[in-house]
1. Pairs, please: C-beta under 7 Å, at least 6 apart or cross-chain, first residue in contact (Cβ under 8 Å) with a residue 40 or more places away in the chain and in region 144-168, second among the polar types (S, T, N, Q) and part of a helix (DSSP H, G or I)?
2. Name every residue in region 447-464 that is assigned to a helix (DSSP H, G or I) and either of a type in the set (Gly, Ala, Ser) or at pLDDT below 90 (or both), in order of residue number.
3. Which one of these is farther than 20 Å from SER429 by Cα, touching a helix residue (DSSP H, G or I) at 6+ places or on another chain (Cβ under 6 Å) and either crowded, with 21+ Cβ neighbours inside 10 Å or of a type in the set (Lys, Arg) (or both): MET359, MET364?
4. Give all pairs with beta carbons closer than 6 Å in which a residue from region 188-213 that is among the small types (Gly, Ala, Ser) meets a residue that is in a helix (DSSP H, G or I) and surrounded by fewer than 22 Cβ atoms within 10 Å (Cβ to Cβ); count only pairs at least 6 apart in sequence or on separate chains.
5. Which pairs do you get when a residue that is more than 15 Å from LEU349 (Cβ to Cβ) and among the charged types (D, E, K, R), found in region 387-404, comes within reach of a residue that is at pLDDT 90 or above and in a loop (DSSP other than H, G, I, E, B), reach meaning Cβ atoms under 7 angstrom, with the pair 6+ apart or on two chains?
6. Can you find, within region 65-106, the residue that is surrounded by the fewest Cβ atoms within 10 Å (Cβ to Cβ) among those that are β-branched (Val, Ile, Thr), closer than 24 Å to THR197 by Cβ and under 28 Å from the mean Cα position of the chain (by Cα)?
7. If we keep just the residues of region 244-271 that are surrounded by 15 or more Cβ atoms within 10 Å (Cβ to Cβ) and either in a loop (DSSP other than H, G, I, E, B) or among the basic types (Lys, Arg) (or both), which is modelled with the lowest pLDDT?
8. Criterion first (of a type in the set (Ser, Thr, Tyr), within 27 Å of ALA21 (Cβ to Cβ) and not assigned by TED's automatic domain parsing to the domain that holds SER323) does SER441 satisfy it?
Amino acid sequence: MQDNCSIEMRNVSKTFGRIKANQDVSLKIYKGEILSLLGENGSGKTTLMNMLSGIYFPDEGQIFVNGKPASITSPKDALKQGIGMIHQHFKLVSVLSAAENVILGLDGSLMLDMKEVSRKITEICERYHFNVDPDKKVYDMSVSEKQTLEIIKVLYRDADVLILDEPTAVLTPQETERLFDVLREMRKDGKAIVIITHKLHEVMELADRVAVLRKGKFVGELMVKDTNPQEMTNMMVGRTVMLNIDRPEPVNPTERLNIQGLTVINEDGVKKLDNVSFTAMGGEILGIAGIAGSGQKELLEAVAGLQPIKSGSIIYTPENGESEDLVGKTPMQIKNAGVALAFVPEDRLGMGLVGGMGMTGNMMLRSWQKGKGMFVHRSDPTALAEEIKEKLEVMTPDINYPVRRLSGGNVQKVLVGREIATAPSVMMSAYAVRGLDINTSYTIYNLMTTQKMKGTAVIFVGEDLDVLLELCDRILVLYDGKVSGIVDGRTATKEQIGLMMTRFEGEGGEKNE
């Protein structure tokens, strides 16, 4: 191995039942380098890094750390080898302070001098220009602060290899750029950094090298300076994939939803939406942007009849018929009123689909009332499941295979396909492509545009501002439950929206139309 090789994985394999997550993968990770690990959903990226970070143990193969064989059977073993992983879903205890989270799990932590702990945390913060108060409770932190704290945790343990899984998924453009600056500093310090991401523009901006997995196998590597997003995508998918998002001009946009003064207070008495007003037009895509927890989830759930509404109105106007207020109606009452509303929730398996059911069973969730008495007709749901499997290329052994065993991208295809099949006049989607590979993501974007051209009012909550600016006709920005403003998707900039996401600029109504 080369002198600057920090990690070498040789012929590593991992199998879960019938699924070969990784098969004979060999990969090197070098000091002073940022490596981006690419691949479609289910290609084995996270599984491979979970073996390196001690969450899984390889069935076959070897791992070498600084040229020496290593047995990594737990995250603690990984940290002893200088390997730390920052997961997409943070592993923090919200009621503890930053310093307490940092020392959690360390040997002899009860005897630690907390002043010395705070001093070392401050030293790390000064080195990498972090802004974290050691005494601040996690529940008072922003998403960016929590991510920073996760990085500090592994640096405190002297990690020289950092693995980040989808690190920019919930960050604003400004926060993303700050994170990139930190990672570049770490690279200068000789640390080896691995990033799992689907955002190819970030790969081009940050990474030195990319390694590509496809269906659990290593298919090659490229130097970023010598490649482009199209070539990387083709290597991931194994064929040419078009990366253009089509955004046709709206044709005869017609008002479908008129929301005025919408206020939602949750069961803890916290105001999640504050005097929100906007319109959603049939024949356009309205994007919703905002940092995590700004009210996106509550907004869609309020329209769907899943959130109690304190005040305001949600006026639905069908193509041919009288307008009516949806406030106070349950999801079933909304459906019985003839409102053609489709909802793809953020929680795919908790709220959208039943994980233990196959595709057929999940199709029946939308059509069970067609049965009579104690019997339910399965023929229509079965035909729909087969159609969605074929048209959306859902990778499943059969349509009765439990959806919880499918990859995230295939689960999302099942959910989106089912909702589109209802021929909605309003379609709402929350983070439809979160964690999805680029090929599946573009399939979802095209489906949204197809619905728009059929006259559907599409409300698309997203976290990738580049995509929102390419896909949406208008973008509504939420800040702390309020409408910070609404901008034209064709003329707005990522920096403009990023600033609106972090401060209130509006008065609850539309602006910048």
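The values are calculated or read from the model by the stated rules, or taken from the named source; none is laboratory data. Quick caveat, the model's predicted, so the values are computed rather than measured. Cβ: placed from backbone, ideal geometry, glycine included. Neighbour counts: every protein chain shown.
1. That search, which allows pairs on different chains as well, returns LEU149/ASN101; LYS153/ASN101; ASP165/THR46; PRO167/GLN147.
2. LEU447
3. MET364
4. These pairs meet every condition: ALA207/VAL224.
5. What qualifies is LYS389/ILE399.
6. Out of the qualifying residues, it is ILE86.
7. ILE245
8. No.
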